[in-house]
Amino acid sequence: MKWWKGTPWRLIQTNLSEMDFKGLDPERYAADAKEFGATVVMLSAGGISAHYDSSLTWQGRNSWAEDGVLEQVVKCCHERDIHVIARVDFSKVKKEIFLKNPQWAFRTAGGEIMEYNGYVQTCINSDYQQEYAFHILEEIFTRIPFDGLYCNMGGFQTKDYDFRDYGFCHCAACRAQFRAAFGKEIPEQADLTDAGYRDYLDFQRGVVAGYRKKMAEYLRQLGKRLSRDLCFDDVDYGRIEASTEISRRLPHWPYHASSNCRAVLGDGSSGIICSDASVDFMGYALRNVGVSPWLQALREWQNLANLGGLDYYLMGRIDNHEDRRGFSAVKRVFQFQKAHEQAYAGLKNKAKVLLRRSARWEITDEEKGWVGTLTERHIPFGEILPEEYETADLSRYSVVILPDSRNITDREMRQSEEFARDGGTLIVSGQTGYLCPPSKEREDFLRCLGIRQVKDFCTDMLSACFQIRDTEKRVFSSFADCDVAALGDRYQFLEMEPEAKGFLAMVPAHTYGPPECCYYTAVTGEPACIEFAWGRGKTITVPWFPGELYSRTGFDNPALFMGDVLKNLGGCESLSESLSPMVEVTYAEKGTDWDMVQLVNTSGCFSLSFFAPVPMEAIELQIPCQEPPEQVFALAGGKTEWRLEKDRLVIQLDILREYEAILIKKHGTDSGSCDQLENPAGTDIRSDK
């Protein structure tokens, strides 16, 4: 078995600057990582700056690093059973190296370079990244026994550390390759309605995929020569970050870590490890100051609850770190997972709902709104990225959600259409599938949605709303005391098939000031959502952006609408109707051995700040279950009672503090697989109430 398959993933990344190597004690470094409970560390090695005695001229040499110190750090970690991943960065070179090799640089449309603090951005298509980077890796891995590789800031980078956007790279290599592949020039703007831009996105995806494949194969061959297994990012583990940044639009998103894990893991078929880093610092310009310790803990509990590895990312060393407030919070989660490693090994998401995310490193407001609504209604779900969605086996899911999926491909649309035809429920919102020019695939996709054509798209709808008629309140049951649903500013006017059923009726945009003339006199037939039978399943179209409205405002009106669509039209089941929306609930299984329900208390998220969560008492869960379990117990100190009611296992938990994991051992479980999972506190009580 490759080492990363058998090692519980608790990673600490110490992003070391050149000066951090001054006085670095290898024994102390390894001991500090071991004290945290780390099984893996990520250590700066080379690229922008070589922290060892490199003989290559394509990377700067760190004068603060003593000869052999990097080798000693790796040796000391290995002696403590800690694996070490080499962190390299080929995205930039020092200015003096660029001056000798100007063809390596990223170039704007006007031919300018991207320079920051004496470092120049390189292009992924340059000889530096495509050829010389491999010489650097050869030197690093043959000299130092690293166990894996992480390449920082790979792909097509367009922004500097002040988030100034330089546009697409127009270097000679990019222009020549794009022209050869598509017969076009590189576009100037990001515009999905432009066929040239869509071709350029395909070009980028192809270049990045080819580069990753090339590097993965190189590492595989290198590992064979060196007689050791080397793991690689995006192949064996998928690294992503839950972070803050001063320039990022507020408020902070409380589900950042959870969503990251689900997106990287997808449907679980890849077997990849998700390494979602909880970033210690507040932002690029505030790298010495940490975020709230409670935010650090929340992210790590969310990683655990969503089947990700634990990952803590700080700038500099542990021993002389200037803001150590997050240490105890991270250690608490690391040590808990260490104490219960067997319970978490091999878990798979048991969700029947799948949400497609448009991109890995960015999530749209529309997607955030649907993620928030699912989470707050305790509906277990997974997330998946476009590349995986194209080929995913959707048969295990009952509902698939496409929130304003503007970059959806023809293949993904066929996949979605077939899912509904085979009996699933497909929910789409916003402009999913509408932006690109007509094609047979898109005509078929619109047909499966019950749409004949798009009549208009209006962006001045802010004063419009939807009227909820009494006859519709069985479906929109959350609106018992409310007769209107907010719309937001954009709506797509559609011509429906005669068999399609529309819900709610639009009150068109009307005057909203002064108060004396704020009223409406008309109600149109434009619906808030459309239900359409397709094959053995159905589709639900929401031709506006309720997720975005919820994400941007926080008001519950659009969330109530989405919740009713999910539950009453989509058939999504909640694991607890009574539980506070400030608790995340996830549902996983380990084959036929046991199920695990995990709860994360997010009540410490208050306005823009993160505090200790408020303990919650008398929690009740309803878990789908056909026969009584052998045992039900909590791992983090809570006490449970349970009973079987028809096809539901009703579990009562006395208290939830930060986090809880409830283990449901099934009858017929191989006792050998559960020897270490006995009830830690004698809290399994069957109730006959």
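Observations, loosely collected:
- PHE606/LYS2 FRET efficiency (R0 45 Å; Cβ-Cβ; nearest 0.05): 0.55
- Long-range Cα-Cα pairs in the stretch 194-234 (distance over 15 Å), rounded percent: 53 percent
- Relative contact order of the chain: 10 percent, from C-alpha pairs under 8 Å at least 6 residues apart in sequence.
- Virtual spin-label span in nm between GLU188 and GLU112, 7 Å along Cα→Cβ: 1.5 nm
- Hydrodynamic radius (Kirkwood) for the stretch 353-569, which is based on Cα pairs only, to one decimal in Å: 17.5 Å
- With a cut-off of 13 Å on the backbone N, the residues of the stretch 462-489 near the modelled label site 7 Å out from TYR520 along Cα-Cβ are 462-469, 483-489.
- Taking N as its residue count, the alpha carbon Rg of the stretch 310-365 over 2.2 N^0.38 Å: 1.65
- A straight line joining the Cα centroids of the stretch 13-50 and the stretch 360-385 runs 35 Å.
- Under-5 Å amide H pairs with VAL289, H placed in peptide plane, nonlocal only: MET282
- Close amide H pairs (under 5 Å, H built 1.01 Å from N) link SER429 with LEU402, ASP404, SER405, VAL542, residues at least 5 positions away or on another chain.
- Compactness of the stretch 482-610 was expressed as the Cα radius of gyration divided by 2.2 N^0.38 Å, which yields 1.38.
- Protection proxy ranking of 290-302, 597-609 - average other beta-carbon atoms within 10 Å, highest first: 290-302, 597-609
- Charge dipole (Cα centre; +1 on Lys/Arg Cβ, -1 on Asp/Glu Cβ; no other charges) of the chain amounts to roughly 900 debye.
- Cα centre as origin, Lys/Arg/Asp/Glu Cβ charges: the stretch 116-250 dipole, Debye: 300 debye
- The stretch 16-113: relative contact order in percent, alpha carbon pairs under 8 Å with at least 6 residues between: 32 percent
- With a threshold of 24 Å on the Cα-Cα distance, the over-threshold entries among LYS75/LYS224; LYS350/LYS567; LYS34/LYS348; LYS639/LYS665; LYS5/LYS590 are LYS34/LYS348.
- Difference of contour (0.36 nm per residue) and Cα-Cα distance, GLU617 to GLU35: 206.2 nm
- Cα pair distances in the stretch 48-141, grouped into 5 Å bins until the bin that holds the longest one, percent each: 2, 13, 21, 21, 16, 11, 8, 5, 2, 1, 0
- Selected from PRO514, GLY110, GLY167, residue furthest toward positive end of dipole (the chain; charges at beta carbon): GLY110
- Taking amide H as placed 1.01 Å from N in the peptide plane, the amide H of SER576 sits under 5 Å from that of GLN622, each at least 5 places away or on another chain.
- Nearest-0.05 FRET efficiency for ARG248 and GLU577, computed from C-beta distance (R0 30 Å): 0.30
- Shape category assigned to the stretch 26-96 from the gyration tensor of Cα positions, a/c cut at 1.5: prolate
- The chain: calculated mean residue ellipticity at 222 nm from DSSP helix runs of at least 4, using -39500 (n - 2.57): -8000 deg cm²/dmol
- Approximating the spin labels as points 7 Å out from Cα along Cα→Cβ, the LEU286-to-LYS348 distance works out to 4.3 nm.
- Per-selection Rg to Rh, the stretch 390-466 - Cα, Kirkwood hydrodynamic radius: 1.00
- Set the Cα radius of gyration of the chain against 2.2 N^0.38 Å, with N its number of residues, and you get 1.01.
- Farthest toward positive dipole pole in the chain [+1 Lys/Arg, -1 Asp/Glu at C-beta], among ASN288, THR409, MET215: MET215
- Each of ALA420, LEU446, GLY554 was scored by the projection of its Cα onto the charge dipole of the stretch 353-569, and the greatest displacement toward the positive side belongs to ALA420; charges sit on the C-beta of Lys, Arg, Asp and Glu.
- The stretch 457-611, relative contact order [Cα under 8 Å, separation at least 6], %: 19 percent
- Loop-located chymotrypsin sites (Phe, Trp or Tyr not before Pro) in the stretch 128-171, at most 14 other Cβ atoms within 10 Å (DSSP): TYR161, PHE163
- For the stretch 238-315 versus the stretch 525-548, the gap between their alpha-carbon centres in whole angstrom: 33 Å
Readers should treat all values here as calculations from the given coordinates under stated rules, not as data from a laboratory. Note that the structure is predicted; figures quoted are calculated from it, not measured. Cβ atoms come from the backbone with ideal geometry, glycine included; neighbour counts cover every protein chain shown.
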